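The values are calculated or read from the model by the stated rules, or taken from the named source; none is laboratory data. Everything numeric here is computed off the predicted structure, so don't read it as measured data. All Cβ positions, even for glycine, are placed from backbone atoms using ideal geometry, and neighbour counts span all protein chains on display.
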């Protein structure tokens, strides 16, 4: 279960994310592996969990509950962020990907954002993709609905991000205290845990600022990503 937090405001959109994965699944840190698109690369599916394009469009994909890993006969969900990065705005990407046949993928939450707004696209196992514009303010998303307080991780951590300045979000991503069910930074157990983290500013009237931690965010330092 990955986590993404977004703040949509008049100054732009701020993003923080932890990627949770099987620790032996190979990946490469963000770089320009696709023309005009920077992102981390999954070595198995050759797609990405999070990308940013030259127009400042960010796309990130999360598994929905009970759908970790690949499945026979299904396309890799890592295609979706790269696909969304083929558009010059988040709104255009959301409109285009709304026409996808969701059933060819395992269930997914896809977040697409730019400096002017953010959208959630949900493929829940059927043929249609559901598209929702995220409201101004702070939204946290894991494997289900946004800001779902029945999920222990969201109930515990959403208020912290809502109350904190963006300069504190990297530290918040590193929090691995408490029980595993509500932890944001998940210690490795049975080959699964938090493997990397990112923060991203998509300011209006400025260039995106992406910082990446190539490991659990409490131990791996954040460094700038060249977009």
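Miscellaneous remarks
- Selected residue (criterion: surrounded by the most Cβ atoms within 10 Å (Cβ to Cβ)) from residues of segment 204-221 that are touching a helix residue (DSSP H, G or I) at 6+ places or on another chain (Cβ under 9 Å) and under 24 Å from residue 118 (Cα atoms): 213
- Any hit, segment 186-203, residues being free of Cβ contacts under 8 Å to residues at least 40 places away in the same chain, surrounded by 13 or more Cβ atoms within 10 Å (Cβ to Cβ) and over 20 Å from residue 118 (Cβ atoms): no
- A single entry from 79, 65 fulfils the requirement of being touching a strand residue (DSSP E or B) at 6+ places or on another chain (Cβ under 9 Å) and surrounded by fewer than 18 Cβ atoms within 10 Å (Cβ to Cβ): 79.
- Subset tally (residues that are surrounded by 13 or more Cβ atoms within 10 Å (Cβ to Cβ) and either free of Cβ contacts under 8 Å to residues at least 24 places away in the same chain or within 12 Å of residue 20 (Cβ to Cβ) (or both)) for segment 172-185: 6
- Residue within segment 47-57 that is at pLDDT 95 or above, surrounded by fewer than 20 Cβ atoms within 10 Å (Cβ to Cβ) and not in a helix (DSSP H, G or I) present: yes
- The listed residue being outside any strand (DSSP E or B), at pLDDT 95 or above and out of contact with any strand residue (DSSP E or B) (no Cβ under 9 Å at 6 or more places or on another chain), out of 88, 96: 96
Residues checked against (1) closer than 16 Å to residue 3 by Cβ; (2) assigned to a loop (DSSP other than H, G, I, E, B); (3) under 18 Å from the mean Cα position of the chain (by Cα):
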residue	(1), (2), (3)
146	yes, yes, yes
153	yes, no, yes
158	yes, no, yes
170	yes, no, yes
175	yes, yes, yes
178	yes, yes, no
193	yes, no, yes
206	no, yes, no
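- Subset of segment 154-171 that is under 19 Å from residue 193 (Cβ atoms) and in contact (Cβ under 8 Å) with a residue 24 or more places away in the chain - its residue that is surrounded by the most Cβ atoms within 10 Å (Cβ to Cβ): 157
- If the condition is being farther than 17 Å from residue 166 by Cβ and either loosely packed, with under 14 Cβ neighbours inside 10 Å or touching a residue at least 24 places away in the same chain (Cβ under 8 Å) (or both), then segment 133-153 contributes 133, 135, 141, 142, 143, 144, 146, 149, 150, 152, 153.
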